[in-house]
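The structure appears below as structure tokens.
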Amino acid sequence: MEDAEDLHIAALKWLDHSGGLSHLHAALVARAALCPSPKVLSVPVFVNVMQLREMNEELANLVVHRPLEAQQVFHQIIHIASVAVALELNGKHPNNNNEVFENNEDDHCAPGPMTHIPDTNNITSLYLEGNSKSSKTHVTVNALSSEEVKLDRVDLNLTLQSLASDLPLDASVSGDSSSVLTAAQIHVPLRVDGIPWTREWVVDGVRDLPLQVQEPKLALVSGKIISISLPTSYTVWARYVCSSSNCVGMARDLHVRVFAVGKPETDTIHHHPKCRVCHSPLVEDPSSRELGEKLMVFLLPDAQANTLAVDAYTRVQALKLILRDEMIRGLEPGQPLAATVMVSSQKLPQFPSLEAILVHPPTPLRPPSSLPPMFRRLVEDRHSSPWSLVMTLAYMFAASVTPAGTFHTLKLALLLSLTSCSSKKAGLAVLGVGSNTTLLLRLLWYSARFAPRGVIHSSLDSVTANCTKDSEGNIWVHGGSLLMAHGGVCVLGDFSKFKKESQEAVCRALESGTVQVERATFVRQHMPALTYPLRAAAWACYDPVRACNHASRESIDSFLHVPLGDLKKSVTDVFGLVVYTETPAGECESEAEEVITLHTLLEGTRPQPPTQPLLPPDQLLQYLSLVRSLEVVFSTSAEKLIRGYYVATRRLRGDCVQGSSVPVTAINVLAQVAASHARLALRCTVEGWDAVTAVLLCEEALAAHSGYSLLQVPPTPHLPLHTDLHTLVGRKNDERMVSFQRTLEEFIETHTGDIPTVI
């Protein structure tokens, strides 16, 4: 008995310390203002194990190892406190302290006990006497008063039944209920945090689940959602009334069953319940049943995901996790999830069930506090130039795959895309166009290593999302490659080999920013159209020659005389940056191909280990993590350049047949490229220099696609060899960019001078 009293005292002290009693007071005041008042009051108890262990180690161990018993302890304290607060809120001013409350059938307060009238403006403070070892619990209703309300904790239900005996037996079951709640009307779910993320508590896979669970226990899970079921209903609570018209159970809410985590849902709805007063059969009141929502997810633990990244032939089994009510908001396939779960037993041969009791908020990625050594030297050396740092990074990037200077524009686009990765929105999509798709794919795969999360699409996987129906009737949504790359990069591969349906699905996703779930015919009648936001950057390569040969048997458009299998305008419009790695006349491809061939042969025949890359991978990862965390704002000059170029090119590159060759989304792409360039240069303000780089990349793509440039920009997919670095990334390159900026400003002034809002 002494141990139980100590636990109750510790629980009450924790509730007072954590603000749980204040929340209870606010919830009861809000409940009293509702008409009709809810039958069940849900009061979650938030427990930080580490902080609770400092106050009472025994109660902390009870929460971790026997959570259901700990929930009962908190439930009893919350119940007693709710009765005391209800008596305070419903108290009447007596003539003196010895006056007894009048017996009023409309008043649901206790008809007789002597209580002090509290100050309703004062927040209730509830304390247990530390030296009290009796079965009576002393609760101070008013902190300013020395008088106490003595409630019998053991026989509290009988006390409430005696209160109900003064009500008319023919009272309507659906009428206003008393503000004094019974124990069954209070739901006290545990929300446990502060458990250390050590091997002892973390469930990394199915092998960590115990085969025989005697009683529920807590654990931690963390991973990525790969499948998610559609929400279904479950019974939060149900109320029963006695079938005997002369029983007290007919008048009061004495038989309310509330769902509790760790117990089966069948415990909420009884098949043959009996009245606690007269033992007559109970009848459920269907109008009082409250339903909630739950869903299930398949979670791929972090440890298993790391194993898959190392060994592609490894097979792992995902964990099935149940989430309810407020925990299901905002869940998406591909999203990382960390939660405290309750492991409870199920009927064999199933594994123990995992049910979340607290979903941890995502931990923000902390960027490094300082620059890596090599990048610190680069920043100090290039600080006088607004372009040199970014150009140098693109020149040195992925030199182990293709030599420095080759595929320079594509490498720059990939670096800008890596900088734009975010878990809040879609990143910058990149399409590399060329016949050497082997090298393009190799470059895309290598660059994806530096993304926060990289997914390589396979033809065996869905590119968007699909749904299935299991044997129990649940509809599951399985995330495709675009959703699984949440916050990172999805390498689609050779886009020219995609089927027409898959190409259209990708184009719709990139154009709308949402991924549509593919529904089978037998599922469409059970679920509406479902979409998820796109939160990844899509990378792909495209070979127009292969696509043209594949469609050579098809008819040629009689008006435009263009093969229908060639690179379509709809594809180039949806990808933010389209980089053509080959020029129409092939001026620089032959020289670059010789350098790449020599580089490949030397790397393949080198006896010693390969040389270190120009940019160390670990330092590049730190630098990209740092620049992604920068918040940027646009300057007036950058906005004018982007807006003016967009309006001018839409005017000059449009015709009455095809419309403008510049898509409507181009202005968003220009802004995204300029912001990424500013971050990559360690600037928090997007200046005109960044806008000029964005315009140059866009104009170069338009020139390669259409064959002409309005700003006389020649496509240069590879930097010319045997040229000094000052010309490529140094002072002469700055002079070239300054000259291009003047040309751009004159171009905007000439073709948009009649629009005051642009200039």
| said: Regarding region 465-485, can at least one residue be identified that is within 30 Å of residue 583 (Cβ to Cβ), modelled with pLDDT of 90 or more and in contact with a strand residue (DSSP E or B) (Cβ under 6 Å, 6 or more places away or on another chain)? | reply: no
| message | Quick check on region 14-54: of everything there that is closer than 15 Å to residue 70 by Cα and in a loop (DSSP other than H, G, I, E, B), which residue is least open to solvent (accessible area, probe 1.4 Å)? | response | 43
| message | Can you tell me how many residues within region 479-537 are in a strand (DSSP E or B) and either of a type in the set (Lys, Arg) or open to solvent by less than 30 Å² (accessible area, probe 1.4 Å) (or both)? | response | 10
| said: Would you confirm, using the coordinates I've provided, whether residue 436 is surrounded by fewer than 21 Cβ atoms within 10 Å (Cβ to Cβ), more than 21 Å from the chain's Cα centre (by Cα) and either farther than 30 Å from residue 525 by Cα or at pLDDT 85 or above (or both)? | reply: yes
| task | Please enumerate the residues belonging to region 719-759 that are in contact with a His (Cβ under 6 Å, 6 or more places away or on another chain) and within 20 Å of residue 410 (Cα to Cα). | result | 719
| query | What number of residues within region 425-448 satisfy the criterion of being touching a Lys or Arg at 6+ places or on another chain (Cβ under 9 Å) and among the aliphatic types (A, V, I, L, M)? | reply | 2
| message | Need the failing condition index for residue 232 against (1) within 30 Å of residue 462 (Cα to Cα); (2) open to solvent by less than 30 Å² (accessible area, probe 1.4 Å), just the number. | response | (2)
| said: When you check residue 26 against the structure, is it without any contact (Cβ under 8 Å) to a residue 12 or more places away in the chain, farther than 21 Å from residue 360 by Cα and small (Gly, Ala, Ser), yes or no? | reply: yes
| field | helices (runs of 4 or more DSSP H) contained entirely in region 648-759, each with at least 2 residues that are modelled with pLDDT of 90 or more | value | 666-680, 688-706, 731-752
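The values are calculated or read from the model by the stated rules, or taken from the named source; none is laboratory data. Remember, it's a predicted structure, so these values are computed and weren't measured experimentally. So basically every Cβ, Gly included, is an ideal-geometry build from the backbone, and we count neighbours across all protein chains shown. Just the protein is used for accessible areas: all its heavy atoms, side chains included, with ligands, DNA and RNA removed. Shrake-Rupley method; radii C 1.70, N 1.55, O 1.52, S 1.80 Å.
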